[in-house]
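The values are calculated or read from the model by the stated rules, or taken from the named source; none is laboratory data. Quick caveat: nothing in here was measured; it's all calculated off a predicted structure. Neighbour counts run over all protein chains shown; Cβ positions are idealised from the backbone, glycine included. These accessible areas exclude ligands, DNA and RNA; they are computed on the full protein's heavy atoms, side chains included. Shrake-Rupley method; radii C 1.70, N 1.55, O 1.52, S 1.80 Å.
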Amino acid sequence: MLQQGTVLLVDDETMVRKATEQWLRLSGFEVISCSAAEAALVHLQPGFAGVLVTDVRMPGMDGMALMQEALARVPGMPVVLVTGHGDIDMATQAMREGAYDFIEKPFVPERLVATVQRACDKRRLMLENDRLQHNLASQSGIDARLIGLSPAIARLKQEILLLASIDTNVIIYGETGTGKELVAQCLHEFSNRHSHHFVPVNCGAIPESLIESELFGHEAGAFTGAMKKRIGKFEYADGGTFFFDEIESMPPHLQIKLLRTLQEGVIERLGGNSPIAVNLRVVAAAKVDLRVEEGFREDLYYRLNVSQLHIPALRDRSDDIPLLFEYYVERCARQHEREPRRITDLERRTLLRYSWPGNVRELKNIALRFALDARVQLADLLFPAITPMQASRSLSSGSGAQQAGSGLQGQLSTQPLGVQVGAFEAEVIRQSLQRHAGSIKAVMDELDLPRRTLNQKMTRYGINRSDFVQAGCED
């Protein structure tokens with residue numbers, strides 16, 4: 001049977017402990033069984049990869065004291081408390097102090113297994129994230145520049161290192177926010193040109209009346225206001241790498257001059273007559289296929305298109321999303337001398353549910369807001385509360401994920417209406433549970449739902465109350 005995880009089980013009642021141990025083993029868990037808290041402490045050493053399931057009422061050290069000691073030794077380890085009916089207040093207090101969940105006696109074995117499974121999944125994710133963060137801290141070279149371990153980003157890194165060693169022009173394709181300039185910088189930094197300048201220019205950001213002077217420079221008196229000679233960006237980049245972002249926005253007349261520069265390796269300043277030799281590697285970035293882009297010269301395309309790189313969208317490298325998010329959260333915290341916020345397994349799933357239309361740039365901005373304001377909930381940043389009328393408009397618009405930054409609307413693609421309505425309904429319930437820290441009663445009141453109906457919907461959508469329980473939640 002597939003190993004589901006390791007459980008440190010503590011209960012002073014022999015029959016209960018043995019029955020629970022047997023049930024967990026039959027469900028695929030490795031079980032370490034102890035009759036007393038003091039015996040369990042031997043196993044609770046830094047790096048312990050399992051979860052703790054402990055009874056509360058025990059002679060000697062009780063379950064509450066064991067939990068506190070366990071969390072001090074193994075921070076973040078999920079602790080599941082098994083309580084009698086009269087211990088609910090105590091269990092609620094334990095949730096405030098860091099317990100993962102509690103189960104009331106007598107319990108249904110299936111419920112215990114489900115809770116322990118979620119706890120083991122959380123522990124596995126935490127350990128994996130810690131491992132990845134440790135790897136990031138020890139990485140150098142391109143691994144330290146391009147964060148990610150997914151197959152898609154691993155292929156991109158290999159292609160960059162290969163092209164960096166070949167002194168050719170390159171076109172980089174990618175959606176907005178995928179990091180085209182960063183990839184261009186990597187091409188420069190790992191090439192033989194790294195000791196010279198990397199010069200980026202956004203063709204869509206410079207006014208057309210100024211771009212020619214910016215690129216080629218000018219002689220004194222070349223035009224009104226040109227009081228002295230100015231060296232342009234092409235000259236400044238001599239020997240290095242010139243990066244054109246949004247090159248599809250370049251005016252047609254400038255495309256002709258750029259083509260001549262690439263063909264002959266010379267420029268002329270505005271108002272000048274002497275050709276100036278420049279040695280450049282040109283890297284261009286575009287969001288569209290330049291080969292079929294109306295208004296883009298075919299001969300310039302072929303001059304640039306010696307090699308190509310395609311940057312995957314963030315949604316196509318979803319394995320990297322939690323890693324990237326925590327990387328930016330921790331970096332922001334260090335810059336502002338703050339303790340970094342750790343994300344929960346629920347928040348990790350929330351990150352993966354979002355479509356990220358703005359790619360890494362959007363993720364970075366969300367991470368900064370999350371890191372700097374402890375009051376901000378991740379679900380509220382990604383899925384802002386919307387009214388039923390707004391949701392109706394979103395469902396009927398047919399635009400789906402085409403609209404960047406549209407929150408829930410961005411998640412609604414061309415799916416059947418029933419699927420879209422179900423997705424909206426599930427998200428409304430999750431947001432309500434998040435706002436009310438898992439209080440079923442408060443959610444029932446807010447959504448005007450009978451308990452049975454709410455339970456049915458939560459079961460249908462795979463929503464677990466324990467994922468939302470926070471301090472002060474009592475039903």
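Looking at this structure, is Glu189 of a type in the set (Asp, Glu), under 26 Å from Gln158 (Cα atoms) and without any contact (Cβ under 8 Å) to a residue 60 or more places away in the chain?
Yes.
I'd like to check something: does segment 288-305 contain any residue that is in a strand (DSSP E or B), touching a strand residue (DSSP E or B) at 6+ places or on another chain (Cβ under 8 Å) and either surrounded by 12 or more Cβ atoms within 10 Å (Cβ to Cβ) or among the β-branched types (Val, Ile, Thr) (or both)?
Within segment 288-305 (the criterion being in a strand (DSSP E or B), touching a strand residue (DSSP E or B) at 6+ places or on another chain (Cβ under 8 Å) and either surrounded by 12 or more Cβ atoms within 10 Å (Cβ to Cβ) or among the β-branched types (Val, Ile, Thr) (or both)), the answer is no, since none of the residues qualifies.
Could you say whether any residue in segment 181-196 is touching a His at 6+ places or on another chain (Cβ under 7 Å) and of a type outside the set (Phe, Trp, Tyr)?
Checking segment 181-196: at least one residue is touching a His at 6+ places or on another chain (Cβ under 7 Å) and of a type outside the set (Phe, Trp, Tyr).
List the residue pairs whose Cβ atoms are under 9 Å apart, where the first residue sits in segment 109-128 and is more than 16 Å from Leu346 (Cα to Cα), the second is assigned to a helix (DSSP H, G or I) and open to solvent by less than 20 Å² (accessible area, probe 1.4 Å), and the two are 6 or more positions apart or on different chains.
Pro109/Thr20; Pro109/Leu24; Leu112/Thr20; Leu112/Leu24; Val113/Leu24
Please work out which residue is surrounded by the fewest Cβ atoms within 10 Å (Cβ to Cβ), limiting yourself to segment 1-30 and to residues that are among the hydroxyl-bearing types (Ser, Thr, Tyr) and part of a helix (DSSP H, G or I).
Among those residues, the one meeting the criterion is Thr14.
Matching residues to (1) open to solvent by 10 Å² or more (accessible area, probe 1.4 Å); (2) touching a helix residue (DSSP H, G or I) at 6+ places or on another chain (Cβ under 8 Å); (3) within 26 Å of Leu363 (Cα to Cα); (4) among the basic types (Lys, Arg):
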{"site": "Glu181", "(1), (2), (3), (4)": "yes, no, yes, no"}
{"site": "Asn192", "(1), (2), (3), (4)": "yes, no, no, no"}
{"site": "His196", "(1), (2), (3), (4)": "yes, no, no, no"}
{"site": "Asp245", "(1), (2), (3), (4)": "yes, yes, yes, no"}
{"site": "Met250", "(1), (2), (3), (4)": "no, yes, no, no"}
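Please list, ordered by residue number, the helices (runs of 4 or more DSSP H) wholly in segment 31-117 having 3 or more residues that are at pLDDT 90 or above and buried (at least 16 other Cβ atoms within 10 Å of the Cβ).
Qualifying helices (runs of 4 or more DSSP H): 63-73.
May I ask you to say which residue of Ala437, Ala423 is without any contact (Cβ under 8 Å) to a residue 24 or more places away in the chain and among the hydrophobic types (A, V, I, L, M, F, W, C)?
Ala423
(1) touching a residue at least 24 places away in the same chain (Cβ under 8 Å); (2) in contact with an Asp or Glu (Cβ under 8 Å, 6 or more places away or on another chain): which one isn't true of Ile206, the others all being true?
(1)
For segment 198-211, name all the residues that are assigned to a helix (DSSP H, G or I) and open to solvent by less than 10 Å² (accessible area, probe 1.4 Å).
Within segment 198-211, Ile211 is the sole residue that qualifies.
Kindly evaluate Arg338 against the criterion of being touching a Gly at 6+ places or on another chain (Cβ under 9 Å), of a type outside the set (S, T, N, Q) and open to solvent by 70 Å² or more (accessible area, probe 1.4 Å).
In short, no.
May I ask you to verify whether Leu262 is in contact (Cβ under 8 Å) with a residue 60 or more places away in the chain and within 25 Å of Ala277 (Cβ to Cβ)?
Yes, satisfied.
Those residues that are under 17 Å from Phe107 (Cβ atoms), in contact with a strand residue (DSSP E or B) (Cβ under 6 Å, 6 or more places away or on another chain) and not charged (D, E, K, R), I need them from segment 21-32; list them, please.
Leu24, Phe29, Val31
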